[in-house]
Amino acid sequence: MQDNLHEQVDAWRSQLRKGSLELAVLVALQKRPRYGLELVDLLNQLKLGISEGSIYPLLSRLKAEHKVETEWVEEKTGHAHKYYRLTDDGRAICRLMIAAWRDFDRAFNRLLEDKP
């Protein structure tokens with residue numbers, strides 16, 4: 001029974017991460033342009049759990065939606081990375097999503113504190 005509960009929480013946690021991943025990527029790119037593996041490393045350091053198999057489809061969708069743009073940058077080592085940066089639309093949607101996240105967070109915390 002206890003193992004089943006942990007599996008259920010793990011599945012819920014996975015859905016929670018998937019639901020907030022777009023915002024996490026937009027916020028990370030709000031700070032500065034980054035390349036894909038750099039985003040994976042950053043988000044995993046923060047325990048947001050993402051794989052290469054998840055980041056690139058998301059970045060492709062964000063590019064198709066004109067929220068990010070890309071630029072190939074050659075490093076000093078001669079290796080090139082595709083950097084992603086927010087567009088003006090990406091910055092605008094990021095601000096709106098942050099506001100929505102904060103509203104949700106405040107409401108949920110009131111619920112947890114039993115102060116609706």
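The values are calculated or read from the model by the stated rules, or taken from the named source; none is laboratory data. This one's a predicted model, so the numbers in the text were calculated from it and none came from an experiment. Reconstructed Cβ throughout: ideal geometry from the backbone, glycine too, with neighbour counts over all protein chains shown.
Of all residue pairs spaced 6 or more apart or on separate chains, those with beta-carbon atoms under 9 Å, a first member in the stretch 94-116 that is surrounded by 10 or more Cβ atoms within 10 Å (Cβ to Cβ) and a second member that is at pLDDT below 90 are Ala107/Pro116; Asn109/Lys115; Arg110/Pro116. When Ile50 is tested against (1) crowded, with 17+ Cβ neighbours inside 10 Å; (2) in contact with a Gly (Cβ under 9 Å, 6 or more places away or on another chain); (3) modelled with pLDDT under 95, exactly one condition is not met: (2). Residues that are at pLDDT below 95, part of a loop (DSSP other than H, G, I, E, B) and surrounded by 15 or more Cβ atoms within 10 Å (Cβ to Cβ) within the stretch 63-87 are absent altogether. Taken over the stretch 25-34, the criterion of being at pLDDT 95 or above and either surrounded by 15 or more Cβ atoms within 10 Å (Cβ to Cβ) or not in a loop (DSSP other than H, G, I, E, B) (or both) is satisfied by Val25, Leu26, Val27, Ala28, Leu29, Gln30, Pro33, Arg34. Evaluating Gly19 against the criteria (1) within 17 Å of the chain's Cα centre (by Cα); (2) surrounded by 12 or more Cβ atoms within 10 Å (Cβ to Cβ) leaves one unmet condition, (2).
Restrict the check to the stretch 58-79 and report whether at least one residue is within 14 Å of Lys18 (Cα to Cα) and without any contact (Cβ under 8 Å) to a residue 40 or more places away in the chain. Yes, the conditions are met somewhere in the stretch 58-79. The set of residues in the stretch 1-50 being touching a Ser or Thr at 6+ places or on another chain (Cβ under 8 Å) and closer than 17 Å to Asp105 by Cβ consists of Leu21, Leu48.
When Arg13, Arg34 are checked against the criterion of being out of contact with any Lys or Arg (no Cβ under 6 Å at 6 or more places or on another chain), among the charged types (D, E, K, R) and free of Cβ contacts under 8 Å to residues at least 40 places away in the same chain, Arg13 stands alone in meeting it.
Taking (1) assigned to a helix (DSSP H, G or I); (2) small (Gly, Ala, Ser); (3) under 14 Å from the mean Cα position of the chain (by Cα) in turn, Gly49 satisfies each apart from (1).
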